[in-house]
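S.K.: The structure is given below, and queries will be raised subsequently.
The values are calculated or read from the model by the stated rules, or taken from the named source; none is laboratory data. It should be emphasised that the depicted structure is a prediction, and the values quoted were computed from it without experimental measurement. Here Cβ is always computed from backbone atoms with ideal geometry, including for glycine, and neighbour counts include all displayed protein chains.
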Amino acid sequence: MKYRALLSATALISTSLMTNPALAVATGTPVAAGPNSTTSADMQTQCDALAAAHDLQNGDIWTGVVVPGAATLVAGPTETGNRVIDQNSITPTGTYVPSVKEIRGNPVRTGGSVNMFGEQWSTAGYYPDSTYNYTADFASTFSYAFTCNINDAVYHPAYDDPAVPVQGYYTVDPAAPGNSEANRANCDAFSALGTEDPRPDWWGTNHAWCNFVKTADAIPAVHHNAYNSPPAFIDNEPGTAITQDQSDSLSGFEPHGGIVQVTGEHDDGQVVICISPGSKGGSWKAQNGYGGGSFVGPAAGCNTPYFKIAPITSGSTTSQGTFTSVPHYSY
């Protein structure tokens, strides 16, 4: 069908459209927003619990680190907000229903039919339904998978490094009196005390005509505090996926948008406007709002003289039915 009033029709569409979330569908696809702070905290809580299960209370520090996995849409998208309709996308559906009708032009014939037809127009009417595109808020639920890397920081207890005394040996003082061999034996005995624990108080100093030769400085005692090694990866363990809701502005499609009112000229197509009385006699009858012609002719209208000269729009003009069914056709 032709309809010249589409623009004027869409101007009135918004007053007639309906919203039906039960039938509408989202044409846009929600994209997972990623774990929010609450979801991330819940994941970490699970990883902490998995790490704590390894703790033997021996000073080791066990930790769990969240390793994000895939996000899966498990519910939605479900429409929740007001629609913003794309007015340019509104498409009327169903059979046009004219409300103010008129016949334009003279009757015409369609080959062998005994009736005559005319072009019906309307200046107002409606379509019983429509479709349109829109945007609205949609609610969706995603499931976030994750695993936990379990790490262990091994505990090392405190310990002390003992002091190390000065290192060296004794030699005979050149000025030492007496027997040199006895003096050398005496100094060698002093040197041998370097392995004793404890050493004599005078160790490391010149003593009894023996001079001390230092080979290494003394090292004081050192205390080492307890510590933990850097965390080392032990295992990767699965967590229980966590669901998270989100809202997105998405495109949608409404398949049953409601009545579309039409204003302006609309070509409704060809309809019967003159009914032949047939071979049993009687008179021609007008219908479908036609009132523009004579019933006695030969002026254009519902009558046999005009029928003989009416324009042919389709079909054959030699149908025997025409000759036998139209009254006075052969006169």
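S.K.: From the list 293, 264, 252, 269, pick out the single residue that is part of a strand (DSSP E or B) and touching a Phe, Trp or Tyr at 6+ places or on another chain (Cβ under 8 Å).
M.R.: Details: 293 fails: part of a strand (DSSP E or B); 264 fails: touching a Phe, Trp or Tyr at 6+ places or on another chain (Cβ under 8 Å); 269 fails: touching a Phe, Trp or Tyr at 6+ places or on another chain (Cβ under 8 Å).
Residue meeting the stated conditions: 252.
S.K.: Right, something else. What are the residue pairs meeting all of these: first residue in the stretch 191-206, first residue among the basic types (Lys, Arg), second residue in a helix (DSSP H, G or I), Cβ atoms under 9 Å, and 6 or more apart or on different chains?
M.R.: 199/193
S.K.: Quick check on the stretch 120-132: of everything there that is surrounded by fewer than 19 Cβ atoms within 10 Å (Cβ to Cβ) and at pLDDT 95 or above, which residue is nearest to residue 39 (Cα to Cα)?
M.R.: For the stretch 120-132, the residue satisfying everything is 131.
S.K.: Residues that are under 30 Å from residue 192 (Cα atoms): find the strands (runs of 3 or more DSSP E) completely inside the stretch 80-170 holding 1 or more of those.
M.R.: By residue number, 159-161.
S.K.: Shifting gears a bit: Test of understanding: among 204, 239, 194, which residue is in contact with a helix residue (DSSP H, G or I) (Cβ under 6 Å, 6 or more places away or on another chain) and not β-branched (Val, Ile, Thr)?
M.R.: Values: 204 fails: in contact with a helix residue (DSSP H, G or I) (Cβ under 6 Å, 6 or more places away or on another chain); 194 fails: in contact with a helix residue (DSSP H, G or I) (Cβ under 6 Å, 6 or more places away or on another chain).
Unique residue meeting the criteria: 239.
S.K.: Considering every residue within the stretch 190-208, establish whether at least one is at pLDDT 95 or above, in contact with a Ser or Thr (Cβ under 7 Å, 6 or more places away or on another chain) and hydrophobic (A, V, I, L, M, F, W, C).
M.R.: There is no residue in the stretch 190-208 that is at pLDDT 95 or above, in contact with a Ser or Thr (Cβ under 7 Å, 6 or more places away or on another chain) and hydrophobic (A, V, I, L, M, F, W, C).
S.K.: Look through the stretch 260-283, keep the residues that are surrounded by 15 or more Cβ atoms within 10 Å (Cβ to Cβ), under 17 Å from residue 110 (Cα atoms) and modelled with pLDDT of 90 or more, and return whichever of them is nearest to the chain's Cα centre (by Cα).
M.R.: 271
S.K.: Regarding the stretch 172-181, can at least one residue be identified that is β-branched (Val, Ile, Thr), in contact with a strand residue (DSSP E or B) (Cβ under 6 Å, 6 or more places away or on another chain), more than 30 Å from residue 230 (Cβ to Cβ) and modelled with pLDDT of 95 or more? Break it down into steps so the answer makes sense when it comes.
M.R.: Residues of the stretch 172-181 that are β-branched (Val, Ile, Thr), as a first pass: 172.
Those still in the list that are in contact with a strand residue (DSSP E or B) (Cβ under 6 Å, 6 or more places away or on another chain) too: none.
Checking the stretch 172-181: not a single residue is β-branched (Val, Ile, Thr), in contact with a strand residue (DSSP E or B) (Cβ under 6 Å, 6 or more places away or on another chain), more than 30 Å from residue 230 (Cβ to Cβ) and modelled with pLDDT of 95 or more.
S.K.: If a residue has to be aliphatic (A, V, I, L, M) and modelled with pLDDT under 85 to count, how many in the stretch 297-331 make the cut?
M.R.: Selection size over the stretch 297-331: 1.
S.K.: For the stretch 177-195, indicate whether the set of residues that are assigned to a strand (DSSP E or B) and either touching a His at 6+ places or on another chain (Cβ under 6 Å) or outside the structural domain of residue 32 (by TED's automatic domain parsing) (or both) is non-empty.
M.R.: There is no residue in the stretch 177-195 that is assigned to a strand (DSSP E or B) and either touching a His at 6+ places or on another chain (Cβ under 6 Å) or outside the structural domain of residue 32 (by TED's automatic domain parsing) (or both).
S.K.: Which of the residues belonging to the stretch 26-76 are within 17 Å of residue 144 (Cβ to Cβ) and either touching a Leu at 6+ places or on another chain (Cβ under 8 Å) or outside the structural domain of residue 134 (by TED's automatic domain parsing) (or both)?
M.R.: Scanning the stretch 26-76 gives 30, 32, 64.
S.K.: Got at least one residue in the stretch 92-112 being out of contact with any Ser or Thr (no Cβ under 7 Å at 6 or more places or on another chain), surrounded by fewer than 16 Cβ atoms within 10 Å (Cβ to Cβ) and either modelled with pLDDT of 95 or more or not assigned by TED's automatic domain parsing to the domain that holds residue 41 (or both)?
M.R.: Scanning the stretch 92-112, I find at least one residue that is out of contact with any Ser or Thr (no Cβ under 7 Å at 6 or more places or on another chain), surrounded by fewer than 16 Cβ atoms within 10 Å (Cβ to Cβ) and either modelled with pLDDT of 95 or more or not assigned by TED's automatic domain parsing to the domain that holds residue 41 (or both), so the answer is yes.
S.K.: In addition: If you check every pair at least six apart or on different chains, which have Cβ atoms under 7 Å apart with a residue in the stretch 227-245 that is farther than 22 Å from residue 33 by Cα and touching a residue at least 12 places away in the same chain (Cβ under 8 Å) first and a residue that is assigned to a strand (DSSP E or B) and among the acidic types (Asp, Glu) second?
M.R.: That search, which allows pairs on different chains as well, returns 231/152; 232/152; 234/152.
S.K.: So, of the residues in the stretch 67-80 that are among the small types (Gly, Ala, Ser) and surrounded by 13 or more Cβ atoms within 10 Å (Cβ to Cβ), which turns out to be nearest to residue 25 (Cα to Cα)?
M.R.: Per the criteria, the residue is 76.
S.K.: Please go through the stretch 255-311 and give me each residue that is free of Cβ contacts under 8 Å to residues at least 12 places away in the same chain and on the phi > 0 side of the Ramachandran plot, ordered by number.
M.R.: 297
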